[in-house]
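K.L.:
A single structure is presented below for examination.
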Amino acid sequence: MKFAEITTGRRFTLGPITVAEEEVIAFAEQYDDQWFHTDPQRAEDGPFRGLIASGWHTCALAMRLVSRGILNGSESYASPGLTYVCWPKPVRPGDTLTLEIVVHEARISASRPWLGIVRWQWRMLNQSGLEVLDLEATSMFKIGNEASASH
């Protein structure tokens, strides 16, 4: 999708994607190996009463949906970061997740006319409609020729 199609107020729904226990454990073993992400037996007696995915895994799943569903074929090239990220409820093995996105702002930079800027909110919900991720991201798109725009 091209930057011109990502307009202020536009909404996207991406997914669903189902989370397998093996994927939860493999991600956690590689990047966030806390026991409640890696040890199903021990997690049963833990504070979440079962295995849960790392919040970073949840973010990675959202990014997979966005990169394949919106950014693939776009002029996207970077992000300066997130305004916030929250994980209101845990993701559990077997959950089926859907990502809802609202574009809060899509504009061309005043100082860099080759730069498109998108500020958007990503909310991921599980199969019960419970929110498992809420974040606001800023994405940058190179929409023109930087060299010619700077002269």
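Throughout, read-outs are computed from the coordinates displayed, never taken from laboratory work. All of these numbers come straight from a predicted model, not from anything done at the bench. Virtual Cβ from ideal backbone geometry, glycine too; neighbours counted across all protein chains shown.
K.L.:
For residue 108 and residue 41, compute 0.36 nm times the residue count separating them, minus their Cα-Cα distance, and round to one decimal in nm. Please list the in-between numbers first.
P.N.:
Details: separation 67, 0.36 × 67 = 24.12 nm, distance 5.13 nm.
My answer for the length gained is 19.0 nm.
K.L.:
Amide H neighbours of residue 92 under 5 Å, at least 5 residues apart or on other chains, H built in the peptide plane: list them.
P.N.:
Those qualifying (amide H under 5 Å, at least 5 residues apart or on another chain) are 53.
K.L.:
If you place +1 on the Cβ of every Lys and Arg and -1 on the Cβ of every Asp and Glu, how big does the dipole about the Cα centre of the chain come out, in debye to the nearest 20? Kindly include the intermediate steps, with their values, before the conclusion.
P.N.:
Working: 14 positive and 18 negative charges, 164 e Å.
Charge dipole, the chain, about its Cα centre: 780 debye, nearest 20.
K.L.:
Right, another one. In whole percent, what relative contact order does the range 64-151 give with Cα contacts below 8 Å and a gap of six or more residues? Please report the intermediate quantities before stating the final value.
P.N.:
Details: 167 pairs, mean separation 31.3, N = 88.
Reported relative contact order: 36 percent.
K.L.:
HN-Hα J couplings of the range 126-138 from phi, Karplus 6.51/-1.76/1.60, θ = phi - 60°, integer Hz, Gly and Pro as x?
P.N.:
8, 4, 8, x, 7, 6, 10, 8, 9, 8, 10, 10, 10
K.L.:
Net charge within 13 Å of residue 92 by Cβ-Cβ distance, Lys/Arg positive one each and Asp/Glu negative one each, not counting residue 92 itself? Walk me through the intermediate numbers first.
P.N.:
Values: positive: 49, 89; negative: 21, 23, 44, 95.
My count for the surroundings of residue 92 gives -2.
K.L.:
Note down the nm distance, to one decimal, between modelled labels 7 Å out along Cα→Cβ at residue 26 and at residue 119.
P.N.:
In this crude spin-label approximation the distance works out to 3.8 nm.
K.L.:
Averaging sequence separations of C-alpha pairs under 8 Å and six or more residues apart, then dividing by the length of the range 33-74, give the relative contact order as a whole percent.
P.N.:
Numbers: 24 pairs, mean separation 10.5, N = 42.
25 percent.
K.L.:
Here is a further query. With θ set to phi - 60° and the Karplus curve 6.51 cos²θ - 1.76 cosθ + 1.60, what are the ³J(HN,Hα) couplings of the range 53-69 in order, to the nearest whole Hz, using x for Gly and Pro?
P.N.:
So the Karplus estimates, Gly and Pro as x, are 6, 4, x, 5, 5, 4, 4, 5, 5, 4, 5, 4, 4, 5, 5, 7, x Hz.
K.L.:
Given a cut-off of under 8 Å on Cα pairs at least six residues apart, what relative contact order in percent is computed for the range 1-136? Don't skip to the end; give the middle numbers.
P.N.:
Working: 244 pairs, mean separation 42.0, N = 136.
Relative contact order, the range 1-136: 31 percent.
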